[in-house]
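Step one of this worksheet: look at the structure below.
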Amino acid sequence: AQSVAQPEDQVNVAEGNPLTVKCTYSVSGNPYLFWYVQYPNRGLQFLLKYITGDNLVKGSYGFEAEFNKSQTSFHLKKPSALVSDSALYFCAVRRNSGAGSYQLTFGKGTKLSVIP
Amino acid sequence: SAVISQKPSRDICQRGTSLTIQCQVDSQVTMMFWYRQQPGQSLTLIATANQGSEATYESGFVIDKFPISRPNLTFSTLTVSNMSPEDSSIYLCSVLTPPPHTGTQYFGPGTRLLVL
């Protein structure tokens, strides 16, 4: 079975400071990893994904994430936070082969609050 | 990417009634998914709906409660039958863009359901 852990329910950061939202995963085989953002009363928006190749993945709105295989982590980062980044962030994992390999498993989400 | 719309965007329903949620995609896709997001929770996959075949339900979800139709490659419906207050959730439609193994899941805006 595959799983995702987002150890922080909430992350608070001052505007202009760097932000990190943590994610660790467990999956058999090689993972495909995703980050999504959910603004209040909205659906999920895709931010970025890791499939293969460069461990540092760049995505929408200036976000990036680093895949670390040895630590089974895929932390989301942004060099300078904006108030508009305040939202709920979900990490997700999918197996890259085998039965059920299309199925996404989500973490419980991390609420990011950027303080002006 | 894919642009997904859902109808209705929100509804308030009485216990014992049924609600059908529509999902429309702006391009042809093979794989569509229905998720549930209970208040303050992460996303849980209800079923996978592929055109031309019966939907595949996840553990804890049954066809009698959540019948799904997938008449073509751009449209699907999810019915929430014989509703109870425990069905109050956000229901999200999602599609997987090709290629299937490395593609991205995009989500609709969700249908917010309150059952009284």
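Overview of values
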| read-out | value |
| --- | --- |
| Members of the range A:2-56 found to be open to solvent by 20 Å² or more (accessible area, probe 1.4 Å) and within 20 Å of residue B:36 (Cα to Cα), listed by number | A:2, A:3, A:4, A:5, A:9, A:39, A:40, A:41, A:42, A:45, A:46 |
| Answer from B:41, B:37 - the residue that is facing chain A (nearest Cβ under 10 Å), among the polar types (S, T, N, Q) and open to solvent by less than 20 Å² (accessible area, probe 1.4 Å) | B:37 |
| Among the candidates A:74, A:46, residue that is farther than 18 Å from residue B:45 by Cα and not aliphatic (A, V, I, L, M) | A:74 |
| Selection from the range B:74-95 of residues that are surrounded by 16 or more Cβ atoms within 10 Å (Cβ to Cβ), touching a strand residue (DSSP E or B) at 6+ places or on another chain (Cβ under 8 Å) and not in a strand (DSSP E or B) | B:74, B:83, B:87, B:88 |
| Residue list for the range B:72-116, restricted to those being more than 21 Å from residue B:19 (Cβ to Cβ) and facing chain A (nearest Cβ under 9 Å) | B:96, B:100, B:101, B:102, B:103, B:104, B:105, B:106 |
| All positions within the range B:101-116 that are part of a loop (DSSP other than H, G, I, E, B) and touching a Ser or Thr at 6+ places or on another chain (Cβ under 7 Å) | B:101, B:103, B:104, B:108, B:109 |
| Residues of the range B:49-73 satisfying the condition of being open to solvent by less than 20 Å² (accessible area, probe 1.4 Å) and either not in a loop (DSSP other than H, G, I, E, B) or not aromatic (Phe, Trp, Tyr) (or both) | B:49 |
| Residue selected from the range B:4-27 under the condition open to solvent by 60 Å² or more (accessible area, probe 1.4 Å) and within 14 Å of residue B:116 (Cα to Cα), by the criterion nearest to the other protein chains (Cβ to nearest Cβ) | B:10 |
| The range B:62-116 - residue that is under 12 Å from the mean Cα position of the chain (by Cα) and among the aromatic types (Phe, Trp, Tyr) and, of those, nearest to residue A:104 (Cα to Cα) | B:107 |
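The values are calculated or read from the model by the stated rules, or taken from the named source; none is laboratory data. Just so it is clear, the model here is predicted, and its values are computed rather than measured. Every residue, glycine as well, gets a Cβ built from its backbone with ideal geometry; the counts of neighbours run over all protein chains shown. Areas reflect the complete protein model, heavy atoms only, side chains present, ligands, DNA and RNA absent. Shrake-Rupley method; radii C 1.70, N 1.55, O 1.52, S 1.80 Å.
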